[in-house]
Amino acid sequence: MTETRVVRAVCGHDCPDQCSLRVTVADGRVLRVAGDPAHPFTDGWLCGKVQNYEERVHSPDRILTPLRRVGPKGEATFAPISWDEALTEIVARWRGVQRRYGGEALVGYAYSGHMGLINRNLPRALFHALGASQFQTGTVCDSAAEAGWTRAMGDTPGVDPETVVESDLVLCWGANLATTNVHMLPFVERARERGARLVVVDAARTRTARIADWHLMPRPGTDTALALGLMHVIVRDGLTDLDAVRATSIGLGRLIAEVLPAYDPLRVAAITGIEARQVERLADLYATAAAPFLRIGMGPSRHAGGATTIWSIALLASLVNSWGKPGGGAHMDSAKIWGWNYNALRRPDLLARATRTINHSLLGRALTEYDDPPVMALFVAANNPTVTCPESARVRAGLARGDLFTVVHDLFLTNTARYADIVLPATTALETDDLYRSYGTYYAQYADRSIDPICGARSNASLMSELADRFGIDDPLFSRSPREHLAALLADASGPTGALTVEELLTGDPIKLPWSVGVPLARFEAEDGLLPSWSEPPEDPRWPLQLLTGPGHFQAHTAYEGVDRLRRREGRPTCLLHPTDAEARGIRAGDEVTIANERGVVGLWAEIGDGVPVGTALVKTQRSRAAYRHGGPLNVLVGDDLTDFGAGATYQDTRVEVRRD
Ligand SMILES: Nc1nc2c(c(=O)[nH]1)N[C@H]1C(S)=C(S)[C@@H](COP(=O)(O)OP(=O)(O)OC[C@H]3O[C@@H](n4cnc5c(=O)[nH]c(N)nc54)[C@H](O)[C@@H]3O)O[C@H]1N2
Ligand SMILES: Nc1nc2c(c(=O)[nH]1)N[C@H]1C(S)=C(S)[C@@H](COP(=O)(O)OP(=O)(O)OC[C@H]3O[C@@H](n4cnc5c(=O)[nH]c(N)nc54)[C@H](O)[C@@H]3O)O[C@H]1N2
Ligand SMILES: [Mo]
């Protein structure tokens, strides 16, 4: 008789909510997935992407066996091979590269397809042991935002998102909660039931903006000016207790004397496109709220001046003395609350001598230009760089090199996997054991696998163990049980994390870290004396429109492309233009259009509406090339310039033209 069981699991996707799951399984199959009511943030419900998760786990598109390339790179002509053949070939080829070019010619990385600490970090240890080039992760995502936040506030983490309930004004700045942090919204709604207002500052009228009490829509890339304009009004009108601010900050006097005079509401209006009286009104609302909660998103950080933008926005919370008040303070993420001994898994000590670091955002350049030594072997797991990296045509050109040996470990035959010499089938998070710690809440949770790996697919962790074994790396790390990994993560753990125990984690219960954020020391002046300011990005008359991109509602980057229902729900790829821009180009809704710049072209369909400022073209989510009418993927349009500091990608600075086909 078939036994049906309900087991607990954790959603392994890259999302701040990190939901707790109840998984119904029978005969080694996942029948249903539901949100766990025992997890206060998940609260028993799931987002549109994960509520039918059995469709992803058992998708007919999953790779079922290792594959070896038998045709030209990029054409996805593969023949099935055994695991033994695949791993034997990988070891032989990597050894050959190490001998001929040195370890640095090898690059391996796993990114955020799997957020479990063991599966995400163990690959780093293997590549350290192999003496490979190191990979600077996060630069396609949050490194600029993190650097901006840290400049403002040091190691202070974001306040607990659940405390938003006690706020009377929620200012959500460049974060699209309804799509990228859905489980926070009910907490915001509870605050609103108690009288709070929700104000959204976003360069597009997102799902979150549509439900807000007030939406301000600045021109993308101008938020630094808006933040400094708000400070100008707050100081000018005496809306804050400056003595209290001074007691918990550095550089306020210089900011007031040297920076703020240039950001009067009229100038800010000219820069941002937001009327001066609205700048005044927002300053007044924010500064006079009893406990304003500032939720900062990553969107505004992805510009040339993006790290300074986050620095400036984050400082607002200190300027109005909102830290330390229940419901007040700021939240971008909560990662800094955790004090795990991550190096127990990453093991930088296994690297015998220092090697160069390659920025994730510059992968295309690394593959096509670096020659000391050239990259000769690449291992990619848990990300899809031919679609999601800047300069994606350059990434593809690199992967097309006949002399590059590429291994891709994924569940699906992604655009990147099409270029692989060897493809290895990966598991979903439900087929692995791992410890998860949220970067958006204060919860951590351990989960055993819900089912055994499908058709012999391997988790990142088991693949690393097998490779380490074949390379003769005898460090005990690679044969540790999950329990031993947890013990290592907790040994030397700092802060409240250090008080957690292995036994407590192994219960599989969601555990909330007891942490309450104090009042941080705010740095209006950086350690090197720099003050925040806004500068006009260069215009290029050939490309009059600014491309705005971000995660889609049903397609989180490309991780759900293997699910037919979600592809259909996201719909065909569109480009939203303001009616003024559409009319000037003779474009009507539904027209076939091409977005172009000097780097490439992407064919999709037009949408028209005033949900973006004039001069902006909005395209949601990242998709494989096949999703577009021609050209693509979207990031062929995106350059690889880095942010002012934090070495992040600048997707939103992409200049384009849109024409009707
Ligand atoms: N233009 C533009 N580009 C962007 C962005 C943007 O806003 N605009 N956003 C950027 C951001 S924030 C990010 S984080 C990146 C995300 O970009 P990527 O890191 O490339 O993320 P995904 O596209 O989700 O690809 C994750 C892959 O991991 C695979 N995977 C899932 N679980 C596992 C596992 O356990 N093991 C292995 N081996 N594979 C697994 C999935 O099948 C999927 O193919 O994109 C960036 N690119
Ligand atoms: N469901 C789901 N959840 C996710 C993800 C997903 O793909 N799907 N991705 C995860 C990942 S990897 C990340 S990094 C986070 C990202 O989640 P968020 O932090 O929300 O970041 P984005 O969605 O990239 O951008 C947020 C908003 O910023 C706006 N924006 C862009 N540029 C500007 C600007 O210059 N000024 C202003 N004011 N607004 C601007 C965009 O219109 C967008 O609505 O979400 C995570 N959560
Ligand atoms: Mo991200």
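Observations on the structure shown:
- Taken together, the criteria exclude ALA526 from residues that are of a type in the set (Gly, Ala, Ser) and over 30 Å from ASP243 (Cα atoms).
- Identity of the residue in the stretch 241-266, surrounded by 17 or more Cβ atoms within 10 Å (Cβ to Cβ) and of a type outside the set (A, V, I, L, M, F, W, C), that ends up nearest to LEU316 (Cα to Cα): SER249
- Test: residue in the stretch 16-32 that is out of contact with any Gly (no Cβ under 9 Å at 6 or more places or on another chain) and under 24 Å from ILE337 (Cα atoms): no
- All positions within the stretch 489-504 that are assigned to a helix (DSSP H, G or I) and closer than 19 Å to ALA335 by Cα: LEU489, LEU490, GLY495, PRO496, THR497, GLY498, ALA499
- Candidates LEU500, LEU530 - the one that is touching a helix residue (DSSP H, G or I) at 6+ places or on another chain (Cβ under 9 Å) and more than 30 Å from GLY251 (Cβ to Cβ): LEU500
- Lone unmet requirement of (1) touching a residue at least 60 places away in the same chain (Cβ under 8 Å); (2) in contact with a strand residue (DSSP E or B) (Cβ under 9 Å, 6 or more places away or on another chain) for ASN415: (2)
- Residue within the stretch 505-520 that is farther than 30 Å from THR150 by Cβ and assigned to a helix (DSSP H, G or I) present: yes
- The listed residues are ARG69, ARG62, and the only one of them that is among the charged types (D, E, K, R), at pLDDT 95 or above and within 30 Å of GLY508 (Cα to Cα) turns out to be ARG62.
- Restricting attention to the stretch 440-459 and to residues that are within 13 Å of ligand 1 (Cβ to nearest atom) and of a type outside the set (A, V, I, L, M, F, W, C), the residue that is farthest from the chain's Cα centre (by Cα) turns out to be PRO453.
- Total residues in the stretch 138-164, condition among the hydroxyl-bearing types (Ser, Thr, Tyr), more than 16 Å from ligand 1 (Cβ to nearest atom) and assigned to a helix (DSSP H, G or I): 2
- Hey, PHE524 touching a helix residue (DSSP H, G or I) at 6+ places or on another chain (Cβ under 8 Å) and either more than 14 Å from ligand 1 (Cβ to nearest atom) or without any contact (Cβ under 8 Å) to a residue 60 or more places away in the chain (or both) or not: yes
- Scope the stretch 440-464; condition touching a helix residue (DSSP H, G or I) at 6+ places or on another chain (Cβ under 7 Å), assigned to a helix (DSSP H, G or I) and either surrounded by 24 or more Cβ atoms within 10 Å (Cβ to Cβ) or without any contact (Cβ under 8 Å) to a residue 40 or more places away in the chain (or both); matching residues: ASN460, ALA461, MET464
- Every condition in (1) away from ligand 3 (no atom under 16 Å from the Cβ); (2) outside the structural domain of ALA461 (by TED's automatic domain parsing) is met by SER82 except one, and the failing one is (2).
- Selection status of GLY71, more than 16 Å from ligand 1 (Cβ to nearest atom), without any contact (Cβ under 8 Å) to a residue 40 or more places away in the chain, in contact with a Pro (Cβ under 7 Å, 6 or more places away or on another chain) and in a loop (DSSP other than H, G, I, E, B): no
- Residues of the stretch 610-658 satisfying the condition of being away from ligand 3 (no atom under 16 Å from the Cβ), touching a strand residue (DSSP E or B) at 6+ places or on another chain (Cβ under 8 Å) and among the polar types (S, T, N, Q): THR616, THR654
- Scanning the stretch 3-19 for residues that are more than 16 Å from ligand 2 (Cβ to nearest atom) and modelled with pLDDT of 95 or more yields a total of 6.
- Residue among LEU489, LEU430, LEU467 that alone is closer than 21 Å to LEU413 by Cα and either surrounded by 23 or more Cβ atoms within 10 Å (Cβ to Cβ) or in contact with a helix residue (DSSP H, G or I) (Cβ under 9 Å, 6 or more places away or on another chain) (or both): LEU430
- Of all residues in the stretch 418-439, those that are more than 13 Å from ligand 1 (Cβ to nearest atom), within 30 Å of ARG396 (Cβ to Cβ) and in a loop (DSSP other than H, G, I, E, B) total 1.
- The residue that is farthest from PRO300 (Cα to Cα), counting only those in the stretch 270-281 that are among the hydrophobic types (A, V, I, L, M, F, W, C) and surrounded by 19 or more Cβ atoms within 10 Å (Cβ to Cβ), is VAL279.
- When GLN136 is tested against (1) free of Cβ contacts under 8 Å to residues at least 40 places away in the same chain; (2) surrounded by fewer than 23 Cβ atoms within 10 Å (Cβ to Cβ), exactly one condition is not met: (1).
- Among the residues making up the stretch 93-137, a single one is within 16 Å of ligand 2 (Cβ to nearest atom) and in a helix (DSSP H, G or I): ARG120.
- Just so you know, in the stretch 15-32 the residues that are away from ligand 3 (no atom under 16 Å from the Cβ) and on the phi > 0 side of the Ramachandran plot include one that is surrounded by the fewest Cβ atoms within 10 Å (Cβ to Cβ), and it is ASP27.
- Matching option when the condition is without any contact (Cβ under 8 Å) to a residue 40 or more places away in the chain, small (Gly, Ala, Ser) and buried (at least 20 other Cβ atoms within 10 Å of the Cβ), among GLY12, GLY44, GLY35: GLY35
- LEU226 being in contact with a strand residue (DSSP E or B) (Cβ under 9 Å, 6 or more places away or on another chain) and of a type in the set (A, V, I, L, M): yes
- Any strands (runs of 3 or more DSSP E) falling wholly within the stretch 322-401 and containing at least 3 residues that are surrounded by fewer than 24 Cβ atoms within 10 Å (Cβ to Cβ): 357-359
- Qualifying residue in the stretch 575-583 (condition: within 25 Å of the chain's Cα centre (by Cα) and in contact (Cβ under 8 Å) with a residue 12 or more places away in the chain): yes
The values are calculated or read from the model by the stated rules, or taken from the named source; none is laboratory data. Note that the coordinates shown come from a computational prediction; the quantities given were computed from them, not determined experimentally. All Cβ positions, glycine included, derive from the backbone under ideal geometry; neighbour counts span all protein chains shown.
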